[in-house]
Amino acid sequence: MFSRKLKIGYFVLEGLNSFATVYYFYYFYFFMQKQFGFGNKANLILAALNGATYAICCFFAGKLAQRGYFRALKTGFIVMAGALAAGLFLNSAVGQVLVMVMAVVGMCFTWPTLEALVSEGENRAGVQHMVGVYNVVWAATAALGNFTGGAMLTHLGLKSLFYVPLASLLGQIALTFWLERLAQLSHPPATAIKSAADTLPINRAACASFLQAWLRKKERASSPQPSPPVEEREQASPGNPGPPLRLWGRGDRGEVARPGSSSQCIGQSESGLPEPGAPCSSLGAPHSASGAKDSASPPTTALAFLRMAWLANPFAYIGINTLVAVMPGIALRLGLSTTLAGFCCSAWCFSRLGAFFGLWLWDGWHYRFRWLLFAYLCLVGSFIWVLLAPGVAVLVVAQLVFGGAAGLIYYSSLFYSMDLSDTKGEHGGFHEAAIGLGNFAGPGVGAAALQFIPQYSNSGAFAVTLLLLGGLGGLAIIWRHRNTAAS
């Protein structure tokens with residue numbers, strides 16, 4: 001079920017799912033603007049509803065995924081396909097909002113499951129590799145869906161918002177059933193193995209020969225044997241090479257570190273064995289002040305990074321979902337058609353893709369606070385510039401910075417969740433639920449500001465920026481608490 005060959009199929013599912021969901025959910029706001037005249041405030045309310053539904057459902061969907069990955073995938077894809085099929089025939093705004101909610105419910109079952117499937121059965125080096133591939137795949141198809149979405153909506157018609165992702169989902173459902181069948185063939189249930197064993201013919205002569213050999217071995221083992229001197233027993237020999245080799249630290253990458261070598265773990269005793277509670281991971285290794293990478297991070301540091309990433313990621317999605325919801329308004333203000341809006345307003349997706357690719361190949365950012373802090377500062381600064389951009393050039397440049405920062409924050413959250421957990425489906429649900437909270441909070445605050453301070457057209461932008469700055473304070477508090485706990 002978790003073989004690398006099957007995981008190729010999971011990556012195909014992931015790419016198709018990313019393209020379908022990005023096209024539908026990102027251009028749903030353009031659809032509502034053109035079909036029902038929705039403005040920034042109405043679209044922000046829709047985005048907040050989307051985020052609240054996603055946060056609640058993902059929390060439970062991750063737990064369901066842990067009980068059965070394929071069952072969760074089939075449930076999610078079928079619910080999404082049914083919702084989009086209904087959307088083809090509904091012509092009211094309320095009906096389309098209900099379609100969006102049901103599509104969000106279905107999507108909640110897919111992302112935590114796919115995240116878990118690609119990282120299950122891997123050691124820590126494998127988790128780093130598979131999470132990297134996972135991020136690159138979904139970000140690439142998301143960028144493609146966002147870039148071409150405006151042109152598809154213009155040239156294929158508004159109904160393409162439903163039948164294009166619906167066609168992708170039907171293919172995903174068929175592929176899921178096929179992958180489930182392959183997984184069952186590669187790892188048949190225990191009852192099937194027992195049933196097959198019961199049908200095998202019994203070779204009585206072979207059984208008798210095996211029993212006689214076993215009895216002779218027991219007789220030799222029961223006879224007393226002279227014990228060698230203690231010195232000889234402790235002396236290293238070809239059959240006893242001395243202290244066992246330990247695959248700690250850099251051994252996760254296939255390198256063997258002997259006890260007492262320079263690659264000992266933090267919290268490792270002189271005997272070469274780690275002290276209780278001290279994790280060892282070549283991937284989860286902070287860098288020392290001199291720039292050399294230690295082979296492990298103390299538990300307090302690792303947990304602090306996990307908490308900071310869980311905090312920073314929903315705040316990143318506060319910015320992302322707010323921008324996506326107001327992109328139709330930005331395009332209208334800058335005089336961009338829907339097609340040009342797709343081309344110009346998808347720059348951040350390609351920047352995020354580039355960040356994912358670079359972070360996949362280079363692991364020097366692991367457990368380093370300054371990288372996370374720098375990304376967050378760039379996120380806040382670029383966010384306000386995207387919203388207030390006076391021209392297309394500023395809009396594109398600000399998006400490039402925003403996408404790179406969001407990429408590092410997202411990568412951190414998913415990597416630490418998968419690196420520091422055993423129940424990957426459940427933690428994938430926590431990761432996605434945190435995204436939902438950000439998807440709700442940002443548009444909710446923006447819509448509230450536009451509602452209560454309507455005389456200032458940029459009140460929503462500044463309100464969400466202040467919210468993002470609050471997240472910066474949260475990062476500082478967690479980091480300070482980490483230093484106190486470690487000391």
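The values are calculated or read from the model by the stated rules, or taken from the named source; none is laboratory data. Source: prediction; values computed, not measured. Counting neighbours? That spans all protein chains shown, and the Cβs are built from the backbone with ideal geometry, glycine included.
Failed condition for Gly335, given (1) touching a helix residue (DSSP H, G or I) at 6+ places or on another chain (Cβ under 8 Å); (2) at pLDDT 90 or above, with all others met?
All conditions are met except number (1).
Are there helices (runs of 4 or more DSSP H) fully within region 24-124 with at least 3 residues that are surrounded by fewer than 22 Cβ atoms within 10 Å (Cβ to Cβ) and basic (Lys, Arg)? List them.
Numbers: elements: 40-67, 69-87, 93-108, 111-119.
Helices (runs of 4 or more DSSP H) meeting the threshold: 40-67.
Filter region 156-179 down to residues that are crowded, with 22+ Cβ neighbours inside 10 Å, under 25 Å from Lys34 (Cα atoms) and not hydrophobic (A, V, I, L, M, F, W, C), then give me how many there are.
Residues flagged as crowded, with 22+ Cβ neighbours inside 10 Å, under 25 Å from Lys34 (Cα atoms) and not hydrophobic (A, V, I, L, M, F, W, C) within region 156-179 amount to 2.
Quick check on my filter: what residues within region 26-57 are closer than 24 Å to Arg71 by Cβ and out of contact with any helix residue (DSSP H, G or I) (no Cβ under 6 Å at 6 or more places or on another chain)? Working first, answer last.
Step one: list which residues in region 26-57 are closer than 24 Å to Arg71 by Cβ, which gives 53-57.
Within region 26-57, just Ile56 meets the criteria.
For region 131-184, give me the residue count where each residue is β-branched (Val, Ile, Thr) and under 19 Å from the mean Cα position of the chain (by Cα).
Start the filter on region 131-184 by keeping residues that are β-branched (Val, Ile, Thr), which leaves 131, 133, 136-137, 141, 148, 154, 164, 173, 176.
The next check asks that each one be under 19 Å from the mean Cα position of the chain (by Cα); those that pass are 131, 133, 136-137, 141.
Counting residues in region 131-184 that are β-branched (Val, Ile, Thr) and under 19 Å from the mean Cα position of the chain (by Cα) gives 5.
How many of the residues making up region 348-372 are within 20 Å of Ala151 (Cα to Cα) and crowded, with 22+ Cβ neighbours inside 10 Å?
2
Which number in (1) modelled with pLDDT under 95; (2) closer than 22 Å to Gly106 by Cα; (3) out of contact with any helix residue (DSSP H, G or I) (no Cβ under 7 Å at 6 or more places or on another chain) marks the one condition that Ala196 misses?
Ala196 satisfies every listed condition except (2).
Does region 5-25 hold any residues that are in contact with a helix residue (DSSP H, G or I) (Cβ under 9 Å, 6 or more places away or on another chain) and free of Cβ contacts under 8 Å to residues at least 12 places away in the same chain, and which are they? Quick ask: steps written out before the conclusion?
Within region 5-25, the first condition is being in contact with a helix residue (DSSP H, G or I) (Cβ under 9 Å, 6 or more places away or on another chain), and the residues that meet it are 5-7, 9-25.
Within region 5-25, Lys5 is the sole residue that qualifies.
Hey, Trp362 hits all of (1) in contact with a helix residue (DSSP H, G or I) (Cβ under 8 Å, 6 or more places away or on another chain); (2) modelled with pLDDT of 85 or more but one; which does it fall short on?
(1)
Confirm whether Tyr317 is surrounded by 24 or more Cβ atoms within 10 Å (Cβ to Cβ) and touching a Leu at 6+ places or on another chain (Cβ under 6 Å). If you could, list the steps in order and put the result at the bottom.
On the way: surrounded by 24 or more Cβ atoms within 10 Å (Cβ to Cβ): yes; touching a Leu at 6+ places or on another chain (Cβ under 6 Å): no.
Judged against the criteria, Tyr317 is not a match.
Can you find a residue in region 365-385 that is part of a helix (DSSP H, G or I), over 30 Å from Arg480 (Cα atoms) and hydroxyl-bearing (Ser, Thr, Tyr)?
The answer is no; no qualifying residue exists.
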